[in-house]
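Working notes for the structure below.
The values are calculated or read from the model by the stated rules, or taken from the named source; none is laboratory data. Because the structure is predicted, anything quoted here is derived from the model rather than measured. Here Cβ is always computed from backbone atoms with ideal geometry, including for glycine, and neighbour counts include all displayed protein chains. The accessibility values were calculated without ligands, DNA or RNA, using every heavy atom of the protein model including side chains. Shrake-Rupley method; radii C 1.70, N 1.55, O 1.52, S 1.80 Å.
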Amino acid sequence: MKATFAVLLALALALSSAAPALAQPDTLEKIKSSGVLTIGTRTGSPPFAYINKNNEWVGFSIDLVEMLVKPSVEKAVGRSIKIEKKESTPPTRIPLLTNNSVDLIAGTMTDTPQRRESVDFSLTFFYTGAQFLVKKGSPIKGINDIAGKRIAAQQGATNAKILREKYPQAQLREFPDQPAAFQALVQGQVDAYTNDGIQLYGLKAKAPNPNDWEVVGDFYSEEPYGMAMRKGDTKFKAAVDAGLKNGFESGKYFEIYDKWFGPKGELPYPMTPQVKAYLLKQIGK
């Protein structure tokens, strides 16, 4: 009798602990119920996502969600939805996903094998590499010039990890976000700020005196950006990827790219044939 009671008790405990997991709706069900897709994005990473002079939250990543991902998710859930935005930084974005505060990270997050252990990524929507932002005339011209130099990076960014592991001769200084890192550079607290090249060009363009700054060095890392989501949510990933794929196939993606990075865009950054081929290869083109 005691043995039977112990077995029943263990079974009851197991079922009770499993219940929350079983009851947890998948992301599409969550969105269908609420009518809201919540994205984690940035407020200070132009032109991907930032607050403009009219206090509007805008950017390339946000347009991709609004114009490509949103229609695909609406088709999957069978109703119109709204997009809500929450600030996410490199240290907070994965926790925001895992605790269900956001459904999708749409900013400047590099798809890496290490991160894939915690989250899933969409198709790559942008490709860049790490460089340095320095004051014009700086002796730092690239990765081979940083020994003994004070180098700013964002906490949780792949650039910081690479410097810490491969270039310990540099004096790495980590900051919570891009504005704080740039302010340290302006004030002379650091000798250079490292980030993905495209972000550095955006920061330079938005600086009070753009001509005071230079982006230098060849790429010392590969940074394919993807939109991150909770791991194992295959139906939601399929909807996000379908939206991006349709954008590539229809040409809408390239129109959005040209809006932000074309000759008349917020930050001219022509897409090379190699990068275009890289993006299209994902969909078998």
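Quick one: pull the percent of accessible area on the stretch 164-285 belonging to carbon and sulfur, 1.4 Å probe, ligands and nucleic acids left out.
51 percent
Send over a whole-number figure in Å² for the accessible area per residue of the stretch 161-234, probe 1.4 Å.
Value returned for the stretch 161-234: 47 Å² of accessible area per residue.
Where does the Debye-calculated log10 I(q)/I(0) of the stretch 234-285 sit at q = 0.14, 0.16, 0.26, 0.29 Å⁻¹, using only Cα point scatterers of equal weight, no solvent?
Log10 I(q)/I(0), no solvent term: -0.41, -0.52, -1.01, -1.09.
How big is the Rg/Rh ratio for the chain, C-alpha atoms only, Rh by Kirkwood, two decimals?
Values: Rg = 21.6 Å, Rh = 20.4 Å.
Across the chain, the Cα-based Rg/Rh ratio is 1.05.
Which ³J(HN,Hα) values in Hz, rounded to whole numbers, follow from the phi angles of the stretch 185-201 under the Karplus curve 6.51 cos²θ - 1.76 cosθ + 1.60, where θ = phi - 60° and Gly and Pro get x?
After applying 6.51 cos²θ - 1.76 cosθ + 1.60, I find 5, 4, 7, x, 6, 9, 9, 7, 10, 9, 6, 4, x, 4, 5, 5, 4 Hz.
Taking the alpha-carbon distance from Lys141 and a cut-off under 14 Å, which aspartates and glutamates remain once sequence neighbours fewer than 8 residues away in the same chain are dropped?
Those aspartates and glutamates meeting the cut-off are Asp191, Glu214, Asp218.
For Ser221, enumerate residues with amide H under 5 Å from its amide H, sequence gap 5+ or separate chain, H modeled in the peptide plane.
Residues meeting the amide H criterion: Ala130.
Would you compute, from DSSP H runs of 4+ residues alone, the mean residue ellipticity of the chain at 222 nm, taking -39500 (n - 2.57) per run and dividing by the full residue count, rounded to the nearest 500? Walk me through the numbers before you get to the answer.
On the way: 11 runs with 113 residues, N = 285.
-11500 deg cm²/dmol, from helical runs alone.
Got a sec to turn the phi values of the stretch 30-42 into Karplus ³J(HN,Hα) couplings, 6.51 cos²θ - 1.76 cosθ + 1.60 with θ = phi - 60°, whole Hz, x for Gly and Pro?
Once rounded to whole Hz, the list reads 4, 5, 4, 5, 8, x, 9, 9, 9, 10, x, 8, 10.
State the number of lysine pairs found in the stretch 201-285 whose Cα atoms come within less than 21 Å, restricting to pairs 8 or more positions apart or on distinct chains.
Final tally of qualifying lysine pairs is 21.
Taking H as built 1.01 Å from N, whose amide H comes closer than 5 Å to the amide H of Arg173, not counting residues under 5 places away?
Ile151, Ala152, Ala153
First measure r as the distance between the Cβ atoms of Glu84 and Gln169, then evaluate 1/(1 + (r/R0)^6) with R0 = 51 Å and state the FRET efficiency to the nearest 0.05.
Working: r = 44 Å, r/R0 = 0.86.
Efficiency computed from Cβ-Cβ geometry: 0.70.
Return the inverse of the average 1/r over all pairs of distinct C-alpha atoms in the stretch 66-191, which is the Kirkwood hydrodynamic radius, in Å to one decimal.
Taking the inverse mean of 1/r over all distinct Cα pairs, the stretch 66-191 comes out at 17.0 Å.
Which of the peptides 170-177, 277-284, 200-207 is most tightly packed, and how do the rest follow, judged by the mean count of other Cβ atoms within 10 Å per residue?
200-207, 170-177, 277-284
For Arg150, Arg115, give the ranking by accessible area with the largest first, probe 1.4 Å.
Reading off the accessible areas and sorting them downward yields Arg150, Arg115.
From the phi of every residue in the stretch 239-244, what ³J(HN,Hα) in whole Hz does the Karplus formula 6.51 cos²θ - 1.76 cosθ + 1.60 yield, where θ is phi - 60° and glycine or proline is x?
Values per residue, Gly and Pro as x: 5, 5, 4, 5, x, 5 Hz.
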